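The values are calculated or read from the model by the stated rules, or taken from the named source; none is laboratory data. Values in this document were obtained by computation on a predicted structure and should not be read as measured data. What goes into the accessible areas is simple: the full protein's heavy atoms, side chains included, and nothing from ligands, DNA or RNA. Shrake-Rupley method; radii C 1.70, N 1.55, O 1.52, S 1.80 Å.
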Amino acid sequence: MVGGGPGAFIGEVHRMAARLDGRIDLVCGSFSATPTISRSFGEALGLDPNRSYGTYQEMIASEMQLPADERMDFLVIATPNNIHFGPAKLALENGIHVLSDKPATLDLDEAIALQEI
């Protein structure tokens with residue numbers, strides 16, 4: 001998960017929804033624009049401290065170093081709208097599926113760029 005950290009209503013909604021059928025586990029995240037808050041929030045959620053990341057860039061780079069059967073299967077984006085494009089683009093460029101809170105992008109050009117990736 002990217003975003004959805006302390007005080008973010010939508011993050012908890014996504015985490016609760018993911019737990020409903022017992023088929024999705026939160027395994028890593030970058031939850032805040034402040035790296036120390038992001039890491040401590042991930043640990044408070046019970047994540048492995050090595051998978052509680054300071055930035056989404058760090059998370060994606062680190063996850064891509066893991067064996068395929070251990071890394072994240074998809075990325076949930078639960079950031080403010082103006083931050084959706086960057087994590088989605090980087091995830092897609094690395095072959096990671098994306099589930100984004102709406103809107104997926106701020107404008108048509110960003111949406112087309114993601115479609116092309």
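Could you tell me the relative contact order of the chain? Use alpha-carbon pairs under 8 Å, at least six residues apart, and round to a whole percent. Display every interim value, and only then the final one.
Numbers: 187 pairs, mean separation 25.4, N = 117.
Worked out over the chain, it gives 22 percent.
Computed as a quarter of the hull surface, the mean projected area of the alpha carbon convex hull for the chain stands at 6.9 nm².
Hey, can you find the accessible area per residue of the chain for me, probe 1.4 Å, expressed in square angstrom?
58
Once the Cα atoms are used to define both axes, helix 9-19 deviates from the longest principal axis of the chain by about 70 degrees.
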